[in-house]
1. When ranked by the protection proxy of mean other Cβ atoms within 10 Å per residue, highest first, what sequence do the peptides 226-233, 113-120 form?
2. Counting only other residues whose beta carbon sits under 15 Å from that of residue 240, what net charge do I get with K and R as +1, D and E as -1?
3. If the cut-off is 21 Å between C-alpha atoms, which lysines fall inside it for residue 160, apart from same-chain ones fewer than 8 positions away?
4. Assuming 0.36 nm per residue, please report the length gained on full extension of the stretch residue 15 to residue 79 beyond their Cα-Cα distance.
5. Multiplying the sequence separation of residue 157 and residue 108 by 0.36 nm and subtracting their Cα-Cα distance, what value in nm do you get?
6. Apply the Debye scattering formula to the stretch 5-253, with a single equal point scatterer on each alpha-carbon and no solvent, then give log10 I(q)/I(0) at q = 0.08, 0.09, 0.15, 0.16 Å⁻¹.
7. Can you tell me the length gained on complete extension of the stretch residue 254 to residue 87, counting 0.36 nm per residue apart and subtracting the Cα distance?
Amino acid sequence: MRRPLIGGNWKMNTTLSDASVLATAVKNGVAELEGVEVVLFPPFVWLYPVFEIIEKGPSFLTLGAQNMHFLDEGAYTGEISPLMLKNMCQYVILGHSERRTYFNEKNELINDKVKSALHHGLSPVICLGEYKKEDKVEAKNDVFVQLKAVLKDIPKDLIKKAVLVYEPVWAIGTGKPASGVYAASMVLQMRQTLAKMYNLETASQIRILYGGSVTADNILEFTSQREIDGALVGGTSLKAKEFISICRQVAQATK
Ligand code: PEP
C-alpha cells in the first residue's frame, strides 16, 4: 500500500521566527497521527533550524528542500548542492512550475537534477502539470511530455523512491483547484504511462500526489480518490491550524 504524503511547500515565505513557530506547531499538531507522512519544505536558510525542531518530533515528519543544483560542488554562486541537503533532508522538490516559469528550468535540467537527487539518496518530489485549463490536448502534451523527459534514463530500481505530483499550473495559488475526478483521471494516466515506461508493479509503487489550491475544506475530495496518494500544499501550508487539519483528515481517512 502507498502511504499518503502531505507536503507543505512554504515557498519564499517566513522569517526565522515565523518558520520556528510554524514548524513547532506542525510538530505538536501531528504528533499523534498514524498512517500519513508529513514533509515540510521551508526556504533553504531555515532548513537547519526546522531540522532541529522536527528532529525531536515523530519519525513520519521529515524535511525537504524546494530545489537544488545537480552538481555536488563548484563555482555556482547562490546555488545549493545535494551534498548540502542529504544529511538534513529526505526529499527535494524538482520541476516546480514556478522554477520552470521564473527561472527558465527545462525538462533536461530537471532530469539531471532528478538523477542527482536519486544518486544521493534524496527522494525527488517531481512536479508536472499543464498550463491551460480545460484543454485536454494541451494537458496531455504538457504532462506526459514532461513525465517522459524528466524521467529519461532513470532505472526501475531508483524510480520507486521518487514521488510525482500532478499540479495543473492554472490551479496553483489561484484558489481554483482541479476537481478530484479530473485530477484522479490525470493521475491514473500518469500511472499508466509509468507502467509503460517501467512495468505495472513499479508504477503501482510510486506515489502520485495532487497539488493546486488544496485547503482543509477540499483535501478529501482529492485523497478520497484511490489513485491520489496525498497532496503538495502551498499557501495553506503557511497556516498551521489548517495544515494540521489537512494532515489529520488524511490520517483519519486511512483508518
Ligand atoms: C504549490 O506551489 O506547489 C502549490 C500547490 O501551491 P498552492 O497550494 O498555493 O496552490
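1. Values: 226-233: 23.6, 113-120: 20.8.
Going from most to least packed, we get 226-233, 113-120.
2. Working: positive: 27, 239, 241, 248; negative: 18, 242.
Overall, the nearby charge balance is +2.
3. Cross-link targets: 86, 113, 115, 148, 152, 196.
4. Answer, rounded to one decimal: 21.0 nm.
5. Details: separation 49, 0.36 × 49 = 17.64 nm, distance 2.09 nm.
Gain on stretching residue 157 to residue 108: 15.6 nm.
6. After summing over all Cα pairs, the log10 values are -0.27, -0.35, -1.04, -1.19.
7. Working: separation 167, 0.36 × 167 = 60.12 nm, distance 2.99 nm.
Working it through step by step, the gained length comes to 57.1 nm.
Computed from the coordinates by the stated procedures, all read-outs in this text should not be read as laboratory data. Nothing here was measured: the structure is a model prediction, and the numbers come from that model. No Cβ is skipped: glycine too gets one built from the backbone with ideal geometry, and neighbour counts run over all protein chains shown.
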